[in-house]
1. Can you tell me which residue among A:Gly89, A:Gly106 is at pLDDT 95 or above, away from chain C (no Cβ under 11 Å) and either in a strand (DSSP E or B) or surrounded by 18 or more Cβ atoms within 10 Å (Cβ to Cβ) (or both)?
2. Select from the stretch A:28-67 the residues that are closer than 24 Å to A:Ala359 by Cα and surrounded by fewer than 17 Cβ atoms within 10 Å (Cβ to Cβ) and list them in ascending order.
3. When you check B:Thr378 against the structure, is it among the β-branched types (Val, Ile, Thr) and crowded, with 21+ Cβ neighbours inside 10 Å, yes or no?
4. Give the stretch A:362-379 a look and list any residue that's touching a helix residue (DSSP H, G or I) at 6+ places or on another chain (Cβ under 7 Å) and assigned to a helix (DSSP H, G or I), or say none.
5. In the stretch B:317-332, is there at least one residue being buried (at least 20 other Cβ atoms within 10 Å of the Cβ), modelled with pLDDT of 90 or more and within 10 Å of chain C (Cβ to nearest Cβ)?
6. Looking at C:Leu380, C:Leu350, C:Leu311, C:Leu394, which is the one that is over 25 Å from C:Ala117 (Cβ atoms) and outside any loop (DSSP other than H, G, I, E, B)?
7. For the stretch A:228-251, check the following and say yes or no: at least one residue is within 12 Å of another protein chain (Cβ to nearest Cβ), touching a residue at least 40 places away in the same chain (Cβ under 8 Å) and either over 27 Å from A:Gly84 (Cβ atoms) or within 30 Å of the chain's Cα centre (by Cα) (or both).
8. Looking at the stretch B:529-563, which of the residues that are at pLDDT 80 or above, touching a helix residue (DSSP H, G or I) at 6+ places or on another chain (Cβ under 8 Å) and farther than 20 Å from B:Ala97 by Cα is nearest to the other protein chains (Cβ to nearest Cβ)?
Amino acid sequence: MPFLLTLLLALTLFTTGDPDEGRRGTFYLTDCRIETVTQGTLENGSLLVRDGLIEAVGEAVPQPADAEVVDCAGGTVYPGLIDGGTRLGLQEIGSLSETRDYAEIGNVTPHMQALTAVNPSSTLIPITRVSGVTTVLTAPSGGLLPGTAALITLNGYTPGHLDAGFRGVVLNFPSSARRGSWDRREAEEIEKQTKEAMEKLDDTWEQAVLFARIDSAYQVAPEPRPTREYVPEMAALAPVVRGEVPFLIEVNAAKDITRAIEWVQKNSVRAIFTGVAEGWRVADEIADAGIPVIAGPVLAQPTRDADRYDRAYANPGLMREAGVQVALRTSEVENVRNLPYHAAFAAAYGAPYGFGREAALEAVTIVPARLFGVDDRLGSIEAGKAATLFVADGDPFETKTEVHHLFIDGYLMPLTSRQTELYDEYLHRTPGLTK
Amino acid sequence: MLRSALLVALVLLALPARAQDATPKDPGVRPVTRTFAITNARVVPSPGRLLERATVVVRDGLIEAVGADVRPPFDAEIIAGDSLTVYAGFIDGLGHAAISDPEKKENEDKADIDPGHPPRDRAGIQPDRDARALLKADDGSVEALRKLGFTVAHTVPHDGMLPGRGAVILLAGENADALVLRGDASLFAQFEGASGVYPATPMGVLAELRQLARDAERRQEGERLYADDPAGLQRPVSDPARAALAPATHGERPVFFSVDDELEAHRALAIADELGLGLVLGGLRESTHLADKLATAGVPVFASLNLPKAEKDSTATDSAAVAPPTSEVFITERRTRSYADVDDEVDALRAKRREAIGLYERNAATLHAAGIPFGFATLGAKPADIRANLRRIVAAGLSEDDALAALTTTPAALLGLDRSLGTVEPGKMANLVVTKGSYFEEKAPVRFVFVDGQRFEIDEDKGFDPEAEVVVAGTWEYRLVTDDGVQTGTMTISDEGGTLGGTVVEPDGATHTMESVTLEGNRLTFRLPDTPFGAVDVSGLVTGDTYTAEVTGPSTSPITFTATRRPE
Amino acid sequence: MRTLLLFLLLAPAARAQPMGDLLIRGATVLTVTNGTLDDTDVLVRDGKIAEIGSGLSAPRGVRTIEASGRYLMPGIIDAHSHIGITSVNEATSPVTAQVWVGDVLNPLDIRLYRALAGGVTTSHAMHGSANVIGGRNETIKHRWGETDPETIRFEGAPRTIKFALGENPTRVHGKGRGIRPATRMGVETVLRDAFTEAQRYRERQDDYEAAQREGRRMMPPAYDLQLETLADILDGEILVHTHSYRADEILMLLRVLEDFGVERVTFQHANEGFKVAPELAAFGAGASVFSDWYAYKFEVYYSTAYNAAILTRNGVRTSINSDDSELIRHLYHEAAKAQHYGGLSDDEALALITINPAWQLGIDDRVGSIEIGKDADLVLFEGHPLSAYAVPQLTIVDGVVRFDRDQDPDDMRLFVDPEQEVDDVTLATEHADACMQDVATQGSWWLR
């Protein structure tokens, strides 16, 4: 792996202090193939990064004198990949509860803020970054309303640095699915529990609507006003009631999706469905309802023993064919870096349904950017957008491809992580067998 | 879970009766005669034979005479057999008749036990335990099976991989000893791991079987040496478990292996082959891919009488109900390309499941076609389902004669009791089933069962009128009579356009929602599903404003449940 | 009972596995051991690879598969899985060498078919990792369609056994039940105790046999299946496959094995194998690793996805395994990651899931490469198998097509549960820790 070694050496020359530190500046990327995602592909172009933004992109971008030149050497520029659903930063070591911060006690805790607990120093973040993933949704889980998810960029030292702007309240829609092969509940018991959870959801939502109405009235009521009740759960749901913040509705089994569509329509909620493992079964209903989905993991087993073996791979394609807007997610923590491969499988098995590589690339760039309302800054290579992008020597969905340069908000990020450092240290260990 | 009074009552009934010093014992009146003559009946002396208008004479526990020209003796009680059919008493090839399920010892004494080396009883290794020592003549299962026509059962202890040795018993008798026809009938084995200790998995059970059998040989060798001359030899340690295994590992005593499915059957066949066990499979539910192997191995089977629930009656919206034969729906390269095909997919999956249910229903027919000697096992079957399941088995292709053989002559032969059991012939034990109509028809109640010459009148259906039209909706006051007293509460039944539902509310407010509420003629049955003991069934007859029923559960004797409708 | 005994005969001998004949024409053949052969025909007779060349013609009645533009590789071998068996862990004791997953094979497990659809033809169905010395494993072939458990055994494969070091056994037995081992020191002791007991056992058996030969009277020693098995390990008749993560515990086992004269060992997972690659290479041990799993517990925190590459470069015979019913469906992709993390060549990457695991399981004379005389276990791909867009089309076991992407119906179940609802849905979005399967039901309530 001489390239990484060289790069490491190069970076040591340019940076001081923490090798993980990014470096901001004016960069002129030249001899690049540019897949803009939204504006087609430039076979040979240049790109100017200044003040954290893409200042210019095109076939003839003039080279400013003060710009540091980054030679793409014919490599391709892509917008940073966006994972639409992870737990990154909220968990360091899976089996150690002290390092897990994604599930608070309580069934209704929408006021739990993922961004509060994201650890910017998680060693998993640089490991993720080097594969071209620059931006992820990180979400609390467990219970009915586990908390508020945040979109984060993978560079920074404080929550403020990481914050990419978007918030969504997670709703685990009452599920009729088994949670694993060990779940041996009788069908009747599942039905009963689902029904109870639906009642709980309806009650909670009714309260949230009431809270939002009183809250709105309170804002315009004349003085003196009575003391308000303190209900932080409902305060967190009020923006959802008002349509300012969407519900990220985790729903997977076909009949639950159907129920969720009814619920969303009945309550006029702004919703994004997540997971959606059986979305293909009711893809027409989802498309008719106009609800976008964040599907995944793609590398997953079918939900039913009788299902065709490749259902999970083909699911994004089948939904897209029916007219559903599809973004992808890994549902991972330590292996969010596999997002490009989830996309590759979705493309390989979705191609017969019109969901080829191009659509898969959109599903991890511009589509999630639009769903999260950040497409003015992220998701494509366009002048004026954030310089969150990377240069690779081939198709980033292929394992043979290497990422050579990566920028987040104009910072040129080092392509090192604990994993590359261990590689460099141990490839030829000294001392070897004997000291 | 609310530990309601109803449930407590059920539990208490499942426990052994306590000493009740002062309870008077009514000695009753002796029978006037032990001789009976069933006259003018259809008699099926053995499967495939039929005697019209014949008489069967029973005296002192034996069949004295059978035939059209037999005259009833003067000392006989005459049973007019017009419209009745007489069969040999049925034989249950494997079950837990007269042996109740002990409480599980889940977490008892856990701290003191090394889970890797538990005491034998915790490990479930009790081959020295004898079913005879566990029999209870008044166990609810005795009457429950007898009512169905079973007169003899091969019964085995519960729990663990080697629960004990089986006994063949009569399903009637004054006391436990009186039940026993033959002890040491079998060694019972199952793939049931111990709770939290070795062997906890079927994998562990198989390893332990291997260990026990191979070590048993070593020990026997040592015992022979020592018996020959103890001088200079360490004494062999007494080991009743291994001693009890020896006849089985020498092929001298059959090993009845409880196997639920094909996988378990394969495993039992493999270990029996390896260890030289004389194998009999009991409780097998399905054998489609197995029949050839069983036939080649010559292993007899007691097929399960526990069938999967039949597909619910299809409603008009269920297009699968009128779908073409299943083979056309799914056998070929069915594809579900996208959402558009999902409705067809559901039809195909239903068809496939119907086909799977059919495989279970055809199990006995499959065994028969493969020439495998087989009887039936009640192991795991609910008595209330057994007659309906036998009808399904016959409907699925086993002839009535072959079904009868599997209930009578074949198990008699397999259990080595065919000289005294299995047919209606002079000299045989007077075990008889007397039905109104053919046993395999739906509305053919069992009227009498004779066990060892003792007559039992079955009045289960007394008062049942399939044509009756009764109204059950309303609020009822119920009474539940147990040994511990009487509980009263309310039962509410609703009837919405023919769909019945309801609740049972105990005095403390504990509410049970009824399931599977059905009304057939004047018989109302329902199920209370959510008890810690599984579902409890209530079944009885409605006469005017009274309901008289029995409650049955998985581990209880029947309890009487009566209700009176509250006036509007 | 005499009547009954008349029926009691011996069970039939294991059935012969079906063997097929095929001609696969014009594929790009990735032999793994002999490079890549363009536009090449492979003829299969009676389940074996009979000829490799060009212009081969199919004998009468032999099916020809036109494979021009497609890639043919050896059937993928997974050195670590837990599918096709109904028990995984007998977690009741730190040493359970007497148990054997080969007793509880399940040829009806749909996951076997799904793995086959990802090109897997052979897998190593392993006991779990709850015990220091777990049970024996079974090497199986994915002969989907067969229903007799005997038919999926890899006939003639050497016996193997599962060991486990580190957190799992210390958590289950030490922390869970107060039974040694609770530490990595205790794990070593449990191993040394067990091996020593086995030596003593073997001595007692030998004494007894000698006494019998010499006509001396002697009480026969007890038979102990556990110690018999351990003694067979010491005799080199059973290959050791040990669950392990940390460098220190890997070195510990190497020392113990060396002391007891055990030569064949494969370290499963070995997330820190890269730290002791020179020692592993010097011992001649194998390593069977994840492509990129880490951080799910403390002992895998200091991991690197470059593990396979570092091990390979240091001369350790390395494979990539699944230990998971999802991962097993795309091992070709997992192997390809070793190109991303460490730049292995195509042949090196493919060896990770073919000839190397075959060697670790002691079946490399039968499978793992496309060579004349080897079993015709083959996978035909659309796209190069190391491309993330590759799609397996046909999987062939012993010359019999067992997976056909075009022809297979969607529903490939061999067993339909008559008591299950047709729309029963199971989600497995969390990675189930298959290594620890069954443990929770054996009184270890602290496990998930």
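The values are calculated or read from the model by the stated rules, or taken from the named source; none is laboratory data. Predicted, not measured: the structure shown is a model, and the values here were computed from it. Every residue, glycine as well, gets a Cβ built from its backbone with ideal geometry; the counts of neighbours run over all protein chains shown.
1. On the way: A:Gly106 fails: either in a strand (DSSP E or B) or surrounded by 18 or more Cβ atoms within 10 Å (Cβ to Cβ) (or both).
None of the other options fit; the residue is A:Gly89.
2. Hits for the stretch A:28-67 are A:Thr38, A:Gln39, A:Gly40, A:Thr41, A:Glu43, A:Asn44, A:Gly58.
3. Values: among the β-branched types (Val, Ile, Thr): yes; crowded, with 21+ Cβ neighbours inside 10 Å: yes.
Judged against the criteria, B:Thr378 is a match.
4. Of the residues in the stretch A:362-379, the ones touching a helix residue (DSSP H, G or I) at 6+ places or on another chain (Cβ under 7 Å) are A:363-364, A:375, A:378-379.
Matches in the stretch A:362-379: A:Ala363 only.
5. no
6. Values: C:Leu380 fails: over 25 Å from C:Ala117 (Cβ atoms); C:Leu350 fails: over 25 Å from C:Ala117 (Cβ atoms); C:Leu394 fails: over 25 Å from C:Ala117 (Cβ atoms).
On inspection, the qualifying residue turns out to be C:Leu311.
7. Filtering the stretch A:228-251 for residues within 12 Å of another protein chain (Cβ to nearest Cβ) gives A:250-251.
Now restrict to residues that are touching a residue at least 40 places away in the same chain (Cβ under 8 Å): A:250-251.
Right, trim to either over 27 Å from A:Gly84 (Cβ atoms) or within 30 Å of the chain's Cα centre (by Cα) (or both) and you get A:250-251.
Yes, that holds for at least one residue.
8. Only one residue fits best here, namely B:Pro529.
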